[in-house]
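Q: Would you mind keeping the following structure in view while I ask a few things?
The values are calculated or read from the model by the stated rules, or taken from the named source; none is laboratory data. In this text, all values refer to a predicted model and were calculated from it rather than measured experimentally. Cβ placement follows ideal geometry from the backbone for every residue including glycine, while neighbour counts extend to all protein chains displayed.
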Amino acid sequence: MGLEELADVPGTYFNPQTEVLVVVDDSASIDQEVFNMEAYEGAEWVRISDEVPVDEERRDRLLEQFQTHYHAGSGGSVSETALEQGDDELDADEDGQDPGRED
């Protein structure tokens, strides 16, 4: 999901390449007359504050839950292509020809 797309959907997003966490919250409302000022005319984004209004404990719990649910080796970490390709080999607990047998 790209930055343009995630900005339209409320939620918490993490970029693993840059290690940046983005929180999209559309519940806040600001008087639109403020943005009619020349300094902000035509701006897509305006920095409101240097402070990060996020509960750090809640953030850490969300990241931990995500890591626990999508740890390396889980089905969530397997690419869609790998899942589509399937597994033609039989696992040890699957029925099939015994090793070394030529039928």
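Q: Does the range 66-85 contain any residue that is in a helix (DSSP H, G or I), at pLDDT 85 or above, of a type in the set (V, I, T) and exposed (fewer than 10 other Cβ atoms within 10 Å of the Cβ)?
A: yes
Q: Mind counting the residues in the range 2-59 that are assigned to a loop (DSSP other than H, G, I, E, B) and in contact with a strand residue (DSSP E or B) (Cβ under 7 Å, 6 or more places away or on another chain)?
A: Qualifying residue count for the region: 4.
Q: Have a look at D50, D25, D60, D31 and point out the one that is surrounded by 10 or more Cβ atoms within 10 Å (Cβ to Cβ) and either in contact (Cβ under 8 Å) with a residue 60 or more places away in the chain or over 20 Å from L6 (Cβ atoms) (or both).
A: D60
Q: So, in the range 9-22, how many residues would count as being over 16 Å from R58 (Cα atoms) and either without any contact (Cβ under 8 Å) to a residue 12 or more places away in the chain or of a type outside the set (A, V, I, L, M, F, W, C) (or both)?
A: Residues of the range 9-22 over 16 Å from R58 (Cα atoms): 9-10, 15-20.
Then keep just the ones that are either without any contact (Cβ under 8 Å) to a residue 12 or more places away in the chain or of a type outside the set (A, V, I, L, M, F, W, C) (or both); that gives 10, 15-20.
Number of matching residues: 7.
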